[in-house]
Every structure is written in C-alpha cells, then in structure tokens.
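The values are calculated or read from the model by the stated rules, or taken from the named source; none is laboratory data. Worth saying up front: this structure is predicted, and the values here are computed from it rather than measured. Neighbour counts are summed over all protein chains in view; Cβ atoms, including those assigned to glycine, are modelled from backbone coordinates with ideal geometry.
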Amino acid sequence: MKSAVTTVVISADSAGRFPSPSDFEAVKGSFDRASARLEAAEKLAAGIDKVTIDAVDAVYSKGTYDQANKDKCYRDINHYLRLINYCLVTGGTGPLDEWGIAGMREVIRAQVLPTAAYIEAFTHIRDRVCVPRDMDQQAATEFKGLLDYLINALS
C-alpha cells in the first residue's frame, strides 16, 4: 500500500539511489501531520453513515438524478469515504489509488450511474466540513485534500 514512506523508498529505489535529505523531509512532514490525519480519520469513522446520508440526500433531493440509483450511490459514497479514512491513517493516497480510483469509472459506467452525482456528493461533504465543530483546521485540511484528490480523479 502506498504511503509517504513507501513512496519515498520506491522512488529512490527506482532511481538507484538512497533517499535524499529532501525525501527525508517529505517523510518527516507526513509524520508531523499524522496527528491531524488521525483526528480526521477518527471523526470521519464516528460519523461516516451520517456524512454519507447527508451528502447523498442533498444531491438526490434536487430531483436531477434517477432515484433508482440512490441506494447504489449511498453504498459507493460510503465505500469511498472508508478509503479516504484509510488514506488518512496511512498518510498516502494508496488506498484510493489501489482500491478506488483504478476501476471506478468503469464500475460507474457499467452500472449507468451519474458521475456528476458522485462529484456533487463529495463536493457537498468537502464544503460542509466545519472548523472547529467537526475537527480542527489541520485535520480538516488533510480530509479536504483527499476529497479534492478524489473529486479530481472523478472529473
């Protein structure tokens, strides 16, 4: 699974070198942000069902999308939020890259699901994070960064 540490090691190894001081700084930066990431992961885990329901209901209440897909959207949004939670814990995008993004477009197309609904749901979640009600500023930054990463992958 890709994390800050494995990314540095793989990069250095593929270049046939030892990790550089800037590589070590990148790993240190990841460790420095670990407590914020873990706070975000904890808060997300505690409220994942509520966050999922709020986002999907907000998207489907507009009447823009077919209600028949709503249950699939709940399932998928919850799944991607779990992957984001794993990313927060590992300090890298590996879980999203390996288990979410790689085949997501094909699954969404095969099930005839509107990609725009997913983008709207993740954007809704990102925009609803409230500091300090939900988490502190650094934790929110870490969480929103991963939501943006996923939104960009879907776009």
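In the list TYR65, TYR80, TYR86, TYR74, which residue meets the criterion of being over 18 Å from LYS43 (Cβ atoms), of a type in the set (Phe, Trp, Tyr) and within 18 Å of the chain's Cα centre (by Cα)? Give the steps one after another, and end with the answer.
On the way: TYR65 fails: within 18 Å of the chain's Cα centre (by Cα); TYR80 fails: over 18 Å from LYS43 (Cβ atoms); TYR86 fails: over 18 Å from LYS43 (Cβ atoms).
On inspection, the qualifying residue turns out to be TYR74.
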*Could we say that SER30 is under 17 Å from the mean Cα position of the chain (by Cα), among the polar types (S, T, N, Q) and part of a helix (DSSP H, G or I) here?*
yes
*Which of (1) surrounded by 15 or more Cβ atoms within 10 Å (Cβ to Cβ); (2) farther than 17 Å from ALA41 by Cβ; (3) of a type outside the set (A, V, I, L, M); (4) modelled with pLDDT under 95 is the odd one out, the single condition ARG109 does not satisfy?*
(1)
*Run down LYS72, LYS62, LYS2 and say which single residue is assigned by TED's automatic domain parsing to the domain that holds VAL112, within 28 Å of VAL107 (Cβ to Cβ) and assigned to a loop (DSSP other than H, G, I, E, B).*
LYS62
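Given the residues ALA26, ALA36, ALA12, which is the only one that is of a type in the set (Gly, Ala, Ser), crowded, with 18+ Cβ neighbours inside 10 Å and in contact with a helix residue (DSSP H, G or I) (Cβ under 8 Å, 6 or more places away or on another chain)? Walk me through it before giving the result.
Values: ALA26 fails: crowded, with 18+ Cβ neighbours inside 10 Å; ALA12 fails: crowded, with 18+ Cβ neighbours inside 10 Å.
It is ALA36.
Of all helices (runs of 4 or more DSSP H) completely enclosed by the stretch 100-155, which ones contain at least 2 residues that are more than 23 Å from LYS2 (Cα to Cα) and assigned by TED's automatic domain parsing to the domain that holds GLU42?
102-110, 115-128
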*Do you know which residues across the stretch 39-70 are aliphatic (A, V, I, L, M) and surrounded by fewer than 13 Cβ atoms within 10 Å (Cβ to Cβ)?*
ALA46, ALA68
*Does any residue of the stretch 86-96 turn out to be farther than 19 Å from PHE31 by Cα and surrounded by fewer than 16 Cβ atoms within 10 Å (Cβ to Cβ)?*
no
